[in-house]
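The values are calculated or read from the model by the stated rules, or taken from the named source; none is laboratory data. Here the structure is a predicted model, which means the values were calculated and not measured. Neighbour counts are summed over all protein chains in view; Cβ atoms, including those assigned to glycine, are modelled from backbone coordinates with ideal geometry.
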């Protein structure tokens with residue numbers, strides 16, 4: 001079974017406007033998915049590496065997954081199984 | 001649930017004012033600076049570094065020790081840098097979270113700037129920077145969530 005990928009249900013502009021006050025990691029993940037989806041968890045992890053360098057704090061896969069799950073629940077992205 | 005209160009001390013106002021100025025400046029200059037994640041995104045990054053430096057100074061002044069609990073560190077920050085007047089720890093669905101109310105470093109509510117719908121809240125980043133710094137090298141990022149409104153609530157998952 002292949003690993004799931006994630007796609008945006010709205011444009012990245014709409015998503016970022018809606019999530020203006022969200023933490024930068026949440027916005028970075030949302031923008032990556034809405035602009036470049038479908039993306040796998042590993043693809044998204046690669047996209048967060050520059051942010052990891054900028055903040056000097058490790059961003060792990062469970063943290064990314066948790067944020068993805070939040071946005072799936074909110075109806076901003078969806079999971080392709 | 002544990003709740004902490006701190007009284008505002010005018011003698012400690014300088015750092016608050018510096019952070020308020022930073023937030024207002026980011027919002028006002030976002031077009032010139034071309035902030036790709038908006039002023040809140042820029043403030044998130046900057047405030048994480050601010051939080052790390054604050055934790056470093058608290059350690060240097062021996063006001064905290066490595067291994068301090070998240071709850072104790074946050075209450076220390078509350079006192080030392082006048083983060084807020086009211087802070088609550090609670091356990092929700094098996095996760096510990098901190099909610100900060102009556103923030104004292106808000107560019108909008110405390111600084112009085114019209115941010116035109118934007119936010120530049122430094123609280124989550126400062127807490128995250130301080131918490132991750134005292135945990136040691138390459139800590140994982142705690143989940144963070146800011147809900148602005150009449151009463152701002154910043155929640156982040158922390159260890160018990």
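List of remarks:
- So residue B:126, is it modelled with pLDDT under 80, more than 10 Å from chain A (Cβ to nearest Cβ) and within 11 Å of the chain's Cα centre (by Cα): no
- The residues on offer are B:121, B:103, and the sole one that is within 14 Å of chain A (Cβ to nearest Cβ), at pLDDT below 90 and under 16 Å from residue B:4 (Cα atoms) is B:103.
- Residue in the range B:2-12 that is surrounded by 17 or more Cβ atoms within 10 Å (Cβ to Cβ) and either within 20 Å of residue B:117 (Cα to Cα) or at pLDDT 85 or above (or both) present: no
- Qualifying residue in the range B:81-92 (condition: at pLDDT 85 or above, surrounded by fewer than 19 Cβ atoms within 10 Å (Cβ to Cβ) and more than 17 Å from the chain's Cα centre (by Cα)): no
- Residue that is farthest from the other protein chains (Cβ to nearest Cβ), among those in the range A:17-47 that are at pLDDT 95 or above and not in a helix (DSSP H, G or I): A:38
- Subset of the range B:37-78 that is out of contact with any helix residue (DSSP H, G or I) (no Cβ under 8 Å at 6 or more places or on another chain) and not in a helix (DSSP H, G or I) - its residue that is nearest to the other protein chains (Cβ to nearest Cβ): B:69
Residues are listed down the side, and each one gets a yes or a no for (1) closer than 19 Å to residue B:49 by Cα; (2) buried (at least 19 other Cβ atoms within 10 Å of the Cβ); (3) touching a helix residue (DSSP H, G or I) at 6+ places or on another chain (Cβ under 6 Å):
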position: A:22; (1), (2), (3): yes, yes, no
position: A:31; (1), (2), (3): no, yes, yes
position: A:34; (1), (2), (3): no, yes, yes
position: A:40; (1), (2), (3): no, no, no
position: A:43; (1), (2), (3): no, no, no
position: A:58; (1), (2), (3): yes, no, no
position: A:67; (1), (2), (3): no, yes, yes
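- Some residue of the range B:25-43 being crowded, with 23+ Cβ neighbours inside 10 Å and at positive phi: yes
- Qualifying residue in the range A:50-73 (condition: modelled with pLDDT of 90 or more, in a loop (DSSP other than H, G, I, E, B) and more than 11 Å from every other protein chain (Cβ to nearest Cβ)): no
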